[in-house]
1. What number of residues within the stretch 15-27 are of a type outside the set (S, T, N, Q), assigned to a loop (DSSP other than H, G, I, E, B) and buried (at least 18 other Cβ atoms within 10 Å of the Cβ)?
2. I need the full set of residues from the stretch 55-97 which are of a type in the set (Asp, Glu) and either touching a helix residue (DSSP H, G or I) at 6+ places or on another chain (Cβ under 8 Å) or within 22 Å of residue 145 (Cβ to Cβ) (or both), in order please.
3. For a quick check of your reading of the model, give me the residue pairs whose first member lies in the stretch 7-26 and is in contact (Cβ under 8 Å) with a residue 40 or more places away in the chain and of a type in the set (Asp, Glu), whose second is buried (at least 20 other Cβ atoms within 10 Å of the Cβ) and part of a strand (DSSP E or B), with beta-carbon atoms closer than 8 Å and at least 6 apart or on different chains.
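Read-outs: derived from the displayed coordinates by stated rules, not from any lab. The structure displayed is predicted, hence computed values, not measured ones. Cβ atoms come from the backbone with ideal geometry, glycine included; neighbour counts cover every protein chain shown.
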Amino acid sequence: MIIIKFGDITLENVSVIVNAANTGLRGGGGVDGAIHRAAGRSVMEECRIIGSCPTGEAVLTNAGKLVSKKIIHTPGPVWHGGKSREPLLLENCYRNSLLLAKKEGLKTIAFPSISTGVYGYPIKEAARIALSVGREFENEFNEIRFVCFSEGDLKVYQRVYKEIGQG
């Protein structure tokens, strides 16, 4: 089941939340900073041990103080007009996160809108990629949530979901 909702991803009661990380796994602004602040030091320590993660790939840590059990960290692409493989890299973020969750037996997952904040990815194009990949994996999870941080993003995700078809 795919769920699109407005909310704070750090409060989601799921098996795993996805962090829109940077390649150095250092924490930062936006959702990345919010997740690291809410999860506490232990997650940052695990990230330091892992070291880095290439754009479009995904790594797993425990969730520290969060309600969820785990965090998948996936660095999204910075938008450069779509000519630097950004759509493929963003698709890989979602696909590799879902593949990792599936491999770990995690049945409920919550995603933020990856790369649409300071990385500048256009929200409608990003939502289309996120939801299309989510639909591919829908039957392999109990729940795939897309947690939007703003009402505007929520409306875009809902509109795009209707456009691509609900199954």
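1. Number satisfying all stated conditions: 2.
2. The answer is 57, 91.
3. 8/147; 12/110; 12/145; 12/147
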